[in-house]
Amino acid sequence: QVHLVESGGGLVQPGGSLRLSCAASGSIFSINTMDWYRQAPGKQRELVATMTSGGRTNYADSVKGRFTISRDNAKNTVYLQMNSLKSEDTAVYYCNAGVTVVAGGPLYSYWGQGTQVTVSS
């Protein structure tokens with residue numbers, strides 16, 4: 001079993017910053033891509049940022065230049081540094097990881113429980 005636990009959410013004023021963390025633990029052989037998604041009330045879950053094990057990144061247009069994804073492969077942890085936050089960034093943020101649990105085995109997708117980010121004055 002693999003578990004992903006997010007932390008770092010909270011209430012922040014517009015223009016402020018937050019750093020989210022997501023640590024994966026359990027029966028992990030390797031982690032491929034680690035991603036951050038978000039879901040605002042009444043909206044579909046959307047991809048915010050993604051990072052491969054090799055360090056390649058991709059961002060949603062709405063967060064480019066403001067958010068930075070990074071990861072510590074030794075700790076199986078992914079981070080999301082969020083700067084210049086706007087009210088429209090308010091959402092529950094989820095991390096996702098593509099994990100293999102045995103060498104040569106299939107890739108499984110695991111999700112964290114989510115962490116609330118609220119941007120409001």
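The values are calculated or read from the model by the stated rules, or taken from the named source; none is laboratory data. Computed from a predicted model, the values in this text were never measured in an experiment. All Cβ positions, even for glycine, are placed from backbone atoms using ideal geometry, and neighbour counts span all protein chains on display.
Out of the range 68-97, which residues are part of a helix (DSSP H, G or I) and either more than 18 Å from K43 (Cα to Cα) or not acidic (D, E) (or both)?
N73, A74, K75, S87
Under 6 Å between Cβ atoms, which residue pairs at least 6 apart in sequence (or on different chains) link something in the range 94-121 that is within 14 Å of D35 (Cα to Cα) and touching a residue at least 24 places away in the same chain (Cβ under 8 Å) with a partner that is part of a loop (DSSP other than H, G, I, E, B) and hydrophobic (A, V, I, L, M, F, W, C)?
Hits for this filter: G98/L107; V99/I28.
For S84, indicate whether it is among the small types (G, A, S), at positive phi and at pLDDT 95 or above.
For S84, the condition - among the small types (G, A, S), at positive phi and at pLDDT 95 or above - is met.
Do we have V48 as touching a helix residue (DSSP H, G or I) at 6+ places or on another chain (Cβ under 7 Å) and either in a strand (DSSP E or B) or farther than 18 Å from V117 by Cα (or both) here?
Spelling it out, V48 is indeed touching a helix residue (DSSP H, G or I) at 6+ places or on another chain (Cβ under 7 Å) and either in a strand (DSSP E or B) or farther than 18 Å from V117 by Cα (or both).
Criterion first (in a strand (DSSP E or B), touching a residue at least 12 places away in the same chain (Cβ under 8 Å) and among the hydroxyl-bearing types (S, T, Y)) does S21 satisfy it?
Yes, satisfied.
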